[in-house]
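The structure appears below as structure tokens.
The values are calculated or read from the model by the stated rules, or taken from the named source; none is laboratory data. Treat the numbers as computed from the prediction; the structure is a model and nothing was measured. Glycine also receives a Cβ, built like all others from the backbone with ideal geometry; neighbour counts cover every protein chain displayed.
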Amino acid sequence: MTGPAQKGVRPLFGKGKGSDPFFVRKYTDLAIFAAVFAALWQGAHELVGAEGLSSPLATFARAGALLGSRPFWDHAGATGLAFAYALLVALAGGLLIGLVLGYFRLAGEVFEPIVGAVYSIPKITLYPIILLVFGLTLSAKVAFGALHGIFPMIIFTMSGVKNVKPVLLKAARAMRLSPEASMRFILIPAALPEIFTGFRIGFSLTLLGTLIGELFASDRGLGFMLIRSIEHNDAETILALTLLLFAASAVVGWILLRLDRRIRRYKETGPASL
């Protein structure tokens, strides 16, 4: 033993992550931003009044009350169920379509402009069509959520497959792999970082689409709670719901971003990067 300075042994005390200047600066900036944001929020509340904007303290109190109420969790469960189905459809459908369009280059060249054009259309304009097809049911919310999330999956998967090294495709042809086997064993592992990025973006858009679907044609869900609060001009509930949705999305988004970065590092440097 050569003492605490031995390579690979971290001292229990002394300089660690908590004393790293970058680490300290990062969380100091975060605390300053939170304080400034809270001050601006409180100032806006004083300016427009409680009817237009609830105070930070009242909003957090209302959010706590919602978390402790059974109706909130019933609505959250309805939103979660619709969101889970929509995310599954967006992930599976986007992955399959993206792989096919990326693998068969001619089909990709034909359909890529069409996919981009449809993706640029405001999805709310398609909602009447969805209502005509699915009616005022869970399926309508699932379809509208999936419609938002499937396009990033298609675009990023297709791009990732197109950027796979040609030598890998030559190896697949040399081993006489079928298109299905090539996608499963070569294309998906090679394009995984881009596929996961598409999933990360599609996750947020699917949640947005599900909530929008609940705003217009639903009698359950967080979107329904939000539109009812808007109708009754309940500023506290509006901001509390917004705060809870933002917090949940931010936590999941942070986790997915960390996973995205680890997957990319793994692809570049191998298992040692993990």
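Considering only residues that are touching a helix residue (DSSP H, G or I) at 6+ places or on another chain (Cβ under 6 Å) and among the hydrophobic types (A, V, I, L, M, F, W, C), look in the stretch 92-114 and name the one that is modelled with the lowest pLDDT. Once the filter is applied, the top-ranked residue is A107. Selection of the stretch 122-157 for residues being of a type in the set (V, I, T) and either crowded, with 24+ Cβ neighbours inside 10 Å or touching a helix residue (DSSP H, G or I) at 6+ places or on another chain (Cβ under 8 Å) (or both) yields I124, I130, V133, V142, I150, I154, I155, T157.
Before we move on, is V110 surrounded by 15 or more Cβ atoms within 10 Å (Cβ to Cβ) and either more than 20 Å from the chain's Cα centre (by Cα) or under 12 Å from I155 (Cα atoms) (or both)? It is false that V110 is surrounded by 15 or more Cβ atoms within 10 Å (Cβ to Cβ) and either more than 20 Å from the chain's Cα centre (by Cα) or under 12 Å from I155 (Cα atoms) (or both). Being free of Cβ contacts under 8 Å to residues at least 12 places away in the same chain and β-branched (V, I, T) is the filter here, so list the residues in the stretch 91-122 that pass it. Matches in the stretch 91-122: V100, V110, I114, I121.
This table checks each residue for (1) within 30 Å of S178 (Cβ to Cβ); (2) in contact (Cβ under 8 Å) with a residue 40 or more places away in the chain; (3) exposed (fewer than 12 other Cβ atoms within 10 Å of the Cβ); (4) not assigned by TED's automatic domain parsing to the domain that holds I227.
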{"position": "T28", "(1), (2), (3), (4)": "no, no, yes, yes"}
{"position": "A44", "(1), (2), (3), (4)": "no, no, no, yes"}
{"position": "F60", "(1), (2), (3), (4)": "no, yes, no, yes"}
{"position": "F72", "(1), (2), (3), (4)": "no, yes, no, no"}
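Okay, residues lined up against (1) within 23 Å of the chain's Cα centre (by Cα); (2) over 30 Å from A44 (Cβ atoms); (3) assigned by TED's automatic domain parsing to the domain that holds L131:
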{"residue": "M175", "(1), (2), (3)": "no, yes, yes"}
{"residue": "L211", "(1), (2), (3)": "yes, no, yes"}
{"residue": "T237", "(1), (2), (3)": "no, no, yes"}
{"residue": "L259", "(1), (2), (3)": "yes, yes, yes"}
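Restricted to helices (runs of 4 or more DSSP H) entirely inside the stretch 134-197, those with at least 1 residues that are in contact (Cβ under 8 Å) with a residue 24 or more places away in the chain are 138-162, 179-182. Scanning the stretch 55-71 turns up no residue that is farther than 26 Å from G221 by Cβ, of a type outside the set (V, I, T) and at pLDDT below 85.
Would you check if M183 is of a type in the set (A, V, I, L, M) and surrounded by 17 or more Cβ atoms within 10 Å (Cβ to Cβ)? When the stated conditions are applied, M183 passes them.
In the stretch 217-268, which residue that is in contact with an Asp or Glu (Cβ under 9 Å, 6 or more places away or on another chain) and not in a helix (DSSP H, G or I) is nearest to F203 (Cα to Cα)? Per the criteria, the residue is G221.
When both residues are 6+ apart or on different chains and their Cβ atoms are under 9 Å apart, which pairs have a first residue that lies in the stretch 226-243 and is among the charged types (D, E, K, R), and a second that is surrounded by fewer than 16 Cβ atoms within 10 Å (Cβ to Cβ) and not in a helix (DSSP H, G or I)? Every condition considered, the pairs that remain are E236/A50. One residue is enough: does the stretch 225-241 have a residue meeting the conditions of a type outside the set (V, I, T) and touching a His at 6+ places or on another chain (Cβ under 8 Å)? Within the stretch 225-241, one or more residues are of a type outside the set (V, I, T) and touching a His at 6+ places or on another chain (Cβ under 8 Å). The set of residues from the stretch 232-256 being farther than 30 Å from G49 by Cβ, touching a helix residue (DSSP H, G or I) at 6+ places or on another chain (Cβ under 8 Å) and modelled with pLDDT of 90 or more comprises V252, L256.
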